[in-house]
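Okay, structure first, notes after.
The values are calculated or read from the model by the stated rules, or taken from the named source; none is laboratory data. What you are looking at is a predicted structure, and each value in this text was computed from that prediction instead of being measured. Neighbour counts are summed over all protein chains in view; Cβ atoms, including those assigned to glycine, are modelled from backbone coordinates with ideal geometry.
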């Protein structure tokens, strides 16, 4: 049967405005950097990057507002399909892009006027490499095809390999080399798993692959398990989930703080979005023509869900227990990221079809906790950039006596740590609560117990920062910081507290426009 490929129209370019904005900005900054005299300060490239991210975010929010208004007026939302269904603009992609662009904008703002010990020596290169990384993450959010997924994945991977080693000292180059080797191996696992999907379906389109797997699940059952495990191993390395996490503490510590926050938030979120797309579009989209086939598909689905939940549980346990004995700040945040990866895996894995208890709120709880994690981690890294400028130490003791030197900064760091620990009235608490309620609704009681126990143990990890800030004596000099880092701390503080106090506002908007059948399964 012939495939009819519709040409790209000018109206389609308007839909791609956020992505095109980043592409043009990266090209312009690159060209300007070639001609602007070397003696000029390169902060202008950061300002241009920040403006481009703000413009892209404006385009995305504009589209979301239009879609919300259309639903409120009784209209019907449609998924926009481009390039023969290889690129899709749906509510899933739009809401993920909001977080990606906000996170990237905060990281760029954090980098402006960063102190010398932040080790961002090549400022222009840093900024125009960061934009393609965000573009790759956005491509993963909108991908409807294996080829588009892999291009987006490699775009963010290659740029982060370079960024990790941008300061060119021995430790940075060692971290970049380890990240490159393990990242390349992870990409190979993912590509190998994708090759099985193509072999079973004869197509690279996610919807077509899901349809073919459903029709021939009995014949392909062993290969479905093999492809899923290969993909999960590869993505497990990318998201730093246990037991594929050993690179994360070393790479985070070797990287400049803004780039470590990029790995902790943008790169991790992008890989989790890749898993979400593959899980729902390919493996968990189960329909059957008869009861016998339905039972077989349900059994297969429950196995795959269990594998993901086990990976989530191992990540929570390993990340939390390893952080108990760690005192270096970036390594603690890296291990915290491993544990939080486990929490973010849970809503992806929750059984939507099991035991008569459907759970259709996976995306809302996933998005909310990702937003809470984003603000808390970027805020913590911003505080660390401010604090580390006055000390050569890299341990938690650097925060000793911070309350006496800068009370508001100590208060901000306290809020970020309380959110990561899941203390009430913070965004982290509400996010964990939503995920926990989803686990209970689907009768996944064991993962709910693991979540509660690891959250309780993590209190000791995060309270270590507060013990240093309030109960230890440190330097008496006042903490000095530039306006960009101060602005990031304030914005992240507002995000953590705002999401904690009014969680229903963004969730109601998501529930209004998003549904799994309409956004994820629409062909």
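Annotations
- Of the set (1) surrounded by fewer than 18 Cβ atoms within 10 Å (Cβ to Cβ); (2) closer than 27 Å to residue 365 by Cβ; (3) modelled with pLDDT of 90 or more, all apply to residue 448 but (1).
- Considering region 43-82, and only residues there that are surrounded by fewer than 18 Cβ atoms within 10 Å (Cβ to Cβ), more than 23 Å from the chain's Cα centre (by Cα) and farther than 30 Å from residue 508 by Cβ, the residue that is modelled with the lowest pLDDT turns out to be 43.
- Region 246-283, residues that are assigned to a loop (DSSP other than H, G, I, E, B) and either under 23 Å from residue 130 (Cα atoms) or modelled with pLDDT of 90 or more (or both): 255, 256
- Apart from one condition, residue 243 fits all of (1) in a helix (DSSP H, G or I); (2) out of contact with any helix residue (DSSP H, G or I) (no Cβ under 6 Å at 6 or more places or on another chain); (3) surrounded by fewer than 20 Cβ atoms within 10 Å (Cβ to Cβ); the exception is (1).
- Filter result for the condition that a residue is in contact with a helix residue (DSSP H, G or I) (Cβ under 8 Å, 6 or more places away or on another chain), assigned to a helix (DSSP H, G or I) and in contact (Cβ under 8 Å) with a residue 24 or more places away in the chain, over 155, 180, 149: 149
- Of the criteria (1) surrounded by 14 or more Cβ atoms within 10 Å (Cβ to Cβ); (2) not in a helix (DSSP H, G or I), which one residue 39 fails: (1)
- Flag if residue 438 is part of a helix (DSSP H, G or I), modelled with pLDDT under 95 and more than 25 Å from residue 302 (Cβ to Cβ): no
- So residue 286, is it part of a helix (DSSP H, G or I) and either at pLDDT 85 or above or farther than 27 Å from residue 98 by Cα (or both): no
Residues are listed down the side, and each one gets a yes or a no for (1) at pLDDT below 90; (2) surrounded by fewer than 24 Cβ atoms within 10 Å (Cβ to Cβ); (3) farther than 23 Å from residue 236 by Cβ:
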residue	(1), (2), (3)
305	yes, yes, no
327	yes, yes, yes
333	no, no, no
347	no, no, no
357	yes, yes, yes
372	no, no, no
379	no, no, yes
383	no, no, yes
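- Hits in region 371-399 (condition: in contact with a strand residue (DSSP E or B) (Cβ under 6 Å, 6 or more places away or on another chain) and assigned to a loop (DSSP other than H, G, I, E, B)): 394
- Entry remark, region 197-234: residues being more than 14 Å from residue 150 (Cα to Cα), under 26 Å from the mean Cα position of the chain (by Cα) and free of Cβ contacts under 8 Å to residues at least 60 places away in the same chain number 4 in total.
- Members of region 42-92 that are assigned to a loop (DSSP other than H, G, I, E, B) and closer than 30 Å to residue 204 by Cβ: 76, 77, 78, 79, 83, 84, 85, 86, 90
- Residue that is modelled with the lowest pLDDT, among those in region 400-433 that are assigned to a helix (DSSP H, G or I) and surrounded by fewer than 18 Cβ atoms within 10 Å (Cβ to Cβ): 404
- Of all the numbered requirements in (1) modelled with pLDDT under 95; (2) surrounded by fewer than 22 Cβ atoms within 10 Å (Cβ to Cβ), residue 142 misses one, and that requirement is (2).
- Residue pairs meeting the criteria (Cβ under 6 Å; at least 6 apart or on separate chains; first within 14 Å of residue 434 (Cα to Cα), in region 499-523; second at pLDDT 70 or above and surrounded by fewer than 16 Cβ atoms within 10 Å (Cβ to Cβ)): 500/425
- Residue 364 being under 20 Å from residue 265 (Cβ atoms), modelled with pLDDT of 95 or more and surrounded by fewer than 24 Cβ atoms within 10 Å (Cβ to Cβ): no
- Scanning region 477-514 for residues that are closer than 30 Å to residue 208 by Cα and surrounded by fewer than 16 Cβ atoms within 10 Å (Cβ to Cβ) yields a total of 2.
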